[in-house]
Each structure stands twice: as structure tokens, then as C-alpha cells.
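The values are calculated or read from the model by the stated rules, or taken from the named source; none is laboratory data. Because the structure is predicted, anything quoted here is derived from the model rather than measured. Quick reminder, even Gly has a Cβ in these numbers, built from the backbone with ideal geometry, and neighbours come from all protein chains shown.
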């Protein structure tokens, strides 16, 4: 048996999710990360209707809807592409389709094919913008809001010789 004890997958996932709350700005959204794949290829999130997320009319506050999903794709791409890439949020929009009256769910995926496409485009272009759509839906699958994120990606410049 190896002298290094492996952390069980469920505990490892919990640690990844909990580490997200070290960022105070995310903690305030009311969103709860339920799953982060070890390679960051998939993230699942829940946004409950609670005293923290409830608006004046008793539904989930639009700011909570947006803030809960805001950093996810950027962080996934940073983790999946690696340090040789610069990744920034560039633009976003949200469409409210129906009031959120119960817990809403969102799933995020960045598959290997997407990473290959980004790397391929950056072989001939200085930068690329990628658009991702996130649906926040209730347990029956009814979409209450759709967020569109535009992410800017480029390779880091190599340091100048002698620097």
C-alpha cells in the first residue's frame, strides 16, 4: 500500500466545492456548488430560494441568479487550459424567463473537444472569444433564467530574452 493515503472521491469533491467559498464575493451569492469534477470539466450548482436570495416579491433575486453563475466558466477554463493562457470574462447578459420560486439548478461543462478547438484557434489567432450559455432551471426542468457569458482567451506572451 502506498504511504500516501488517497482522499476518497466524495471528500475530495467536497473540499473542491468548499474551497470556492474562500472567495467572499461568491459566498454572498447564495449559490451552492454541489459537484466539481476532479479535472474541472463539469460543475453543478444549486441556487435555493432563501432569505439570502429572496427579493421583494418573494422570488429569487436576479442579482443572485447572475452572481451564482458568473465566475464558473472563467474558472473552469483557467483550470483546464493551464497557466500558459490568459482567461477573462468579457461580456454577459441574462434573460429572465420565469420567476424562480424554488431551488434552481445549473450545469456547466467544458469538454476536451472545446479545449482542442480553443488551442487550434489560438494557433492562428492572437485571441478568441467563446460564448457559453447557462440555464437556471427548477427541478422539473423549467428554465427560469438564461445567462450568456463571453469569455476572452489568449496565450500568455513568452518573457523577453534576458528578462
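Here are the numbers for the structure shown:
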| quantity | calculated |
| --- | --- |
| Index of the failed condition, residue 145 passing every other in (1) touching a residue at least 60 places away in the same chain (Cβ under 8 Å); (2) surrounded by fewer than 13 Cβ atoms within 10 Å (Cβ to Cβ); (3) closer than 19 Å to residue 43 by Cα; (4) more than 14 Å from the chain's Cα centre (by Cα) | (2) |
| Single residue of segment 105-131 satisfying the filter (under 15 Å from the mean Cα position of the chain (by Cα) and within 30 Å of residue 61 (Cβ to Cβ)) that is surrounded by the fewest Cβ atoms within 10 Å (Cβ to Cβ) | 131 |
| Among (1) surrounded by fewer than 18 Cβ atoms within 10 Å (Cβ to Cβ); (2) touching a residue at least 12 places away in the same chain (Cβ under 8 Å), the one test that residue 54 misses | (2) |
| Residue in segment 58-66 that is closer than 20 Å to residue 139 by Cα, in contact (Cβ under 8 Å) with a residue 24 or more places away in the chain and assigned to a strand (DSSP E or B) present | yes |
| Criterion: at negative phi and in contact with a helix residue (DSSP H, G or I) (Cβ under 9 Å, 6 or more places away or on another chain) - qualifying residue of 126, 101, 80 | 80 |
| Restricting segment 77-101 to residues that are in contact (Cβ under 8 Å) with a residue 24 or more places away in the chain and part of a helix (DSSP H, G or I), the residue that is surrounded by the fewest Cβ atoms within 10 Å (Cβ to Cβ) | 79 |
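Results for (1) farther than 20 Å from residue 102 by Cβ; (2) modelled with pLDDT of 95 or more; (3) under 17 Å from the mean Cα position of the chain (by Cα), shown as yes or no for each residue.
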{"site": "1", "(1), (2), (3)": "yes, no, no"}
{"site": "5", "(1), (2), (3)": "yes, no, no"}
{"site": "28", "(1), (2), (3)": "yes, no, yes"}
{"site": "57", "(1), (2), (3)": "no, yes, no"}
{"site": "66", "(1), (2), (3)": "no, yes, yes"}
{"site": "79", "(1), (2), (3)": "yes, no, yes"}
{"site": "86", "(1), (2), (3)": "yes, yes, yes"}
